[in-house]
Amino acid sequence: MAEDNLMPVRARDTDWEGVRLHVVTGKGGTGKTTLAGALALALASAGGRVLLMEVEGRQGIAQLFDCPPLPYGEHKVAVAPGTSTVPGGDVYAIAADAESALIDYLEMFYNLRHAGRTLTRLGIVDFATTIAPGLRDVLLTGKAAEATRRRTGGAPLYDAVVMDAPPTGRISRFLNIASEVSGLAKAGPIRAHADTVQRVIRSPETAVHFVTVLEEMPVQETLDGIAELRGLSEGGLQLGAVMINMVRPTALTDDQLTAAARGHLDRHELVLGLKTAGIEGSLGPDGSTAVADGLAAELGEHATQVLNQREHRRVLTSAGQPCYDLPLITDGMDLAGLYRLAAALQEQGAA
Amino acid sequence: MSEGTKVVPRLDTDRLLDDPRTRIIVCCGSGGVGKTTTAAALGLRAAERGRHVVVLTVDPARRLAQSMGLSSLDNTPRPVPLSDDAAAGGTLHAMMLDMKRTFDEIVEAHADPDRAGQILANPFYQSLSSSFAGTQEYMAMEKLGQLRRTEQWDLIVVDTPPSRSALDFLDAPQRLSRFLDGRLIKLLTAPTRAGGRAYLKVVNVSFSVITGIVTKVLGAQVLRDVQTFVSAFDTMFGGFRERAEDTYRLLQTPGTAFLVVATPEPDALREASYFVERLSEDRMPLAGLILNRVHRSPAARLSAARSQAAAEALLPVGGPADNAHSAGSNGGGAPLADATRYPLVVAALRLHAERMQLIAAERRLAQRFSAAHPAVPVARVIAQPEDVHDLAALRVIGQSLSDN
């Protein structure tokens, strides 16, 4: 009866059927939190309930969803758009921190909530997570694993959990819980806990997605991160998608791009076109020539960028993970932009 | 001129670099704004203007090492070959922080071999020294102090760790103190401090309650390891804290200049505001804001609106709509405006309109920052179409800083 994956019926398959814990990482500045939020919305569009979790104490989710800082606990932050037949589901959010996660953990497994508070008050949690950061990571990943596995009335409480995880540079350590903790706790409850968490993280229910932009350093970090996770993945850590953020379409043809990048554009055409458009007159005698030069330079920069981006994309694709394109939101990131990104993710099969 | 702005003080980076009293430059800012590149560009420019510079980076970007002509950076300052004609007698070194090695070296330098061996082998030490983000901050401070004490360089340029909250390095000394003065560490070290038999006298009830809980949750072996670690480390703690506090005070002296790096984007500037406030709270000498990757246009006379209108004028009525440009999400060619005789011109005008809108948005953000922090001088670096691969590209950035 109580089937593990009692998923709401969907119109079509997505790329991540069966994945219930989505870990989203990425280099700083690439929009990791934004796309984690968009993914949560996209997943919730099929109905049901999705939990979005941040673990770095930045209150990025609250900013993203334009709501006051999240107190500890799981709070509803958005309703997904849904379709004409299926109403959208709910996105809940939690800003997880190690101390509260420990208190939850002690209460849940040992009925020791009070003890947890005492440990916190005495600075023990601070101490333990200071000298053994692996403990902090295991508490946070543990919280995500727990939320993923939590059940109500025989069915999972959350249809999916999306974790806004630490940046690419730290992700493999963050997820490699067993080895982080094994040196510290060779036996005992924390070790048992770590092993459980490890099993969830390395199950087919979990996938790790990378957010990047088409620039050299983020692309390189993404490839490094993928290689690192592959290195750990004999236990079955599942790589997810590469989400290419801030993609801008180009209006130029390939020939124009090549010409523009080399500075071989047809300037005559530019000058003539500007004249036809009436740019000339109001800008002084040689106005359109100066403007034409300026525009040619801008086209050249644009073309160089587009060609570099294509090369970055080629390199990214060679990593063999599905890639999703997310458009650059030019008019400032807000809720409307977030819904657009969610729709783009859905269209491309991410959810 | 530009829509009633107050005059924002200009950050004169060359004067800062040329001033022999400037001994340390700290670049801070949120992740992805180009801190490391900025630090390298400043270091190069200072060296080419005659200073003896070492750039200390904590960001393991291989490209940066390569851009400085180094195959790797390995916790030791390596000389960066400058072209002969450019060098005004200055020198440039670069190093990348290896936090574990830095930590190990401190342990080896400050503990006798036996004890050092004990510490290095302890699982808690290994975890602490290799994985804690805070360790990186602290080790960056430690390395900075070390470099400064050698007096081998007259300018140290350092970028800050890409940490969760990028000013964690300021908290490193306090955190260490809090850690060392914490009740828990006193309890944990009490047995060894008081010596074997006195254990029972010193230990009070709350301790046994705590050890009970810790044992239950973590297992008894963890507690033993922690105690071994703490007692082995105990003698070194004082020195650690002292040096951290020294470095902290060194940062407050006028010889230090903090540069907050940001891109003209809402998140980065919000973080920058936070840094500015935090630095002032800690009485750290802020030199200014470096606004990185600012867009400009060589055809700025043509406004976004006129450019857009001109593009439309070139399209036949009922031709591709405005939003043809924002449809589709592929980065590849999406040729539009087939219906016009001037597809290239239409594309150019639209690109230009977009760029002018971006410039306007960036300017608004910068103005908002300056309105909140009117005394903070600002320098701009023009966005480069390509990534930094070599010294020449770093030089362009340094030049752009100076031109602004």
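Where a number appears in this text, it was derived from the coordinates with a stated rule and is not lab data. The model shown is predicted, which means the values in this text are computed figures rather than measured ones. Neighbour counts run over all protein chains shown; Cβ positions are idealised from the backbone, glycine included.
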Of the candidates A:Pro87, A:Ala192, A:Leu135, the farthest towards the positive dipole end of chain A (Lys/Arg Cβ +1, Asp/Glu Cβ -1, centred on the Cα centre) is A:Ala192
Of A:Leu106, A:Leu70, A:Leu140, the one that fluctuates the most in a GNM where chain A has Cα springs shorter than 10 Å: A:Leu106
Which links in A:Lys27/B:Lys100; A:Lys27/A:Lys76; B:Lys143/B:Lys216 stretch past 31 Å when you go from one Cα to the other? B:Lys143/B:Lys216
When B:Phe275, A:Phe65 are ranked with the fewest other C-beta atoms within 10 Å first, the list becomes A:Phe65, B:Phe275
Suppose we keep just the DSSP beta bridges with both residues in chain A; what percent of those would be antiparallel, to 5? 20
Rank these for me by crowding, B:His93, A:His268, going from fewest to most other beta carbons within 10 Å. A:His268, B:His93
Counting other Cβ atoms within 10 Å, which GluC sites (Glu not before Pro) in region B:352-404 have at most 14 and lie in a DSSP loop? B:Glu386
Cα extents of chain A per principal axis, largest first, Å, are 83, 47, 37
Taking chain A as a Gaussian network, where each spring joins two C-alpha atoms under 10 Å apart, which residue of A:Ala290, A:Ala160, A:Ala147 fluctuates the most? A:Ala290
Sum -39500 (n - 2.57) across every DSSP H segment of at least 4 residues in chain A, then divide by the residue count to get the 222 nm mean residue ellipticity, nearest 500. -15500 deg cm²/dmol
Mind jotting down the distance between the C-alpha centroids of region A:170-244 and region B:234-279, whole Å? 31
Restricting to Cα pairs below 8 Å that are 6+ residues apart, what does the relative contact order work out to for chain A? Please round to a whole percent. 22
Exposure proxy ranking, count of Cβ atoms within 10 Å, fewest first, for B:His352, A:His312, A:His114: A:His114, A:His312, B:His352
How are the Cα pair distances of region B:26-78 distributed, in percent, across 10 Å bins from 0? 24, 57, 20, 0
Distance between Cα centroids, region A:17-58 to region B:18-89: provide it in whole Å. 37
